[in-house]
1. Looking at region 107-128, is at least one residue touching a His at 6+ places or on another chain (Cβ under 8 Å), part of a loop (DSSP other than H, G, I, E, B) and modelled with pLDDT of 95 or more?
2. Output the residues belonging to region 73-99 that are touching a helix residue (DSSP H, G or I) at 6+ places or on another chain (Cβ under 6 Å) and among the hydroxyl-bearing types (Ser, Thr, Tyr).
3. Cβ-Cβ under 8 Å, sequence separation 6+ or interchain: first residue in region 48-66 and under 14 Å from ILE135 (Cα atoms), partner of a type in the set (Lys, Arg) and open to solvent by 30 Å² or more (accessible area, probe 1.4 Å). Which pairs?
4. Right, ILE158: in a strand (DSSP E or B) and within 20 Å of LYS43 (Cβ to Cβ) or not?
5. Can you pull out every residue in region 68-85 that is open to solvent by 30 Å² or more (accessible area, probe 1.4 Å) and under 15 Å from the mean Cα position of the chain (by Cα)?
6. Quick one: in region 1-39, which of the residues that are open to solvent by 50 Å² or more (accessible area, probe 1.4 Å) and in contact with a strand residue (DSSP E or B) (Cβ under 9 Å, 6 or more places away or on another chain) is farthest from ASP167 (Cα to Cα)?
7. All but one of (1) open to solvent by less than 40 Å² (accessible area, probe 1.4 Å); (2) under 15 Å from THR29 (Cβ atoms); (3) in contact with a helix residue (DSSP H, G or I) (Cβ under 8 Å, 6 or more places away or on another chain) hold for ALA151; which doesn't?
8. Go through (1) touching a His at 6+ places or on another chain (Cβ under 9 Å); (2) without any contact (Cβ under 8 Å) to a residue 12 or more places away in the chain for PHE88 and report which single condition fails.
Amino acid sequence: MANIEKYSKETIKKAAEIIKRGGLVAFPTETVYGVGASVFNPKAVARIFEVKKRPQFDPLIVHIADITDIKELCKQDDERVEILTKKFWPGPLTIVLKKSEKVPDIVTAGLDTIAIRMPSSNIALEFIKESNVPIAAPSANIFGHLSPTTAEHVFEQIGRKIDLIIDG
């Protein structure tokens with residue numbers, strides 16, 4: 001059962017350790033709460049689908065904290081990406097690009113593209129940076145239900161099946 005822990009430096013460190021060990025953490029973005037796992041850990045990503053009761057044909061968005069992370073996740077180099085990210089990131093813009101071979105197929109539902117965002121939430125950015133890995137993170141709700149906007153909403157829907165909820 002997940003603990004709900006108020007945002008603090010210690011909570012961020014704990015959350016990052018959970019990600020590094022293959023766990024799941026719910027965290028606030030600028031829009032709703034997401035439930036995340038290391039993008040490079042297929043077993044942890046599979047748990048996201050299980051916990052959310054999400055069909056595996058529905059790809060996940062990957063959250064990054066640094067623009068340079070795109071190079072690790074994508075094959076293509078497109079000047080339009082730089083223009084868009086300089087103007088709109090951090091923020092709720094999702095960019096879809098050809099994925100690199102490093103990204104497990106489960107993240108992208110077998111597609112050859114990957115959806116990437118850089119959230120503007122300082123808590124999300126700090127958490128992703130501390131985890132030192134891009135985070136695959138859809139909304140932290142049961143598939144088809146309303147997306148959660150509070151830590152309590154996350155707990156009510158999936159809190160018993162994840163490792164930590166950062167209350168931000």
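The values are calculated or read from the model by the stated rules, or taken from the named source; none is laboratory data. Just so we're clear, the structure is a prediction, and the values are computed from it rather than from any experiment. A quick note on method: Cβ atoms are made from the backbone with ideal geometry, for glycine too, and the neighbour counts reach across all protein chains shown. Calculation scope for accessible area: heavy atoms of the full protein, side chains included, ligands and nucleic acids excluded. Shrake-Rupley method; radii C 1.70, N 1.55, O 1.52, S 1.80 Å.
1. Checked against the condition, which is being touching a His at 6+ places or on another chain (Cβ under 8 Å), part of a loop (DSSP other than H, G, I, E, B) and modelled with pLDDT of 95 or more, region 107-128 yields at least one hit.
2. Result: no residue meets the conditions.
3. Listed pairs, sorted by first residue: ILE48/ARG54; ALA65/LYS129; ASP66/LYS129.
4. Here the answer is no, as ILE158 does not meet what is asked.
5. Within region 68-85, the subset open to solvent by 30 Å² or more (accessible area, probe 1.4 Å) is 68-69, 71-72, 75-80, 82-84.
Within region 68-85, just ASP69 meets the criteria.
6. LYS20
7. (3)
8. Failing condition for PHE88: (1).
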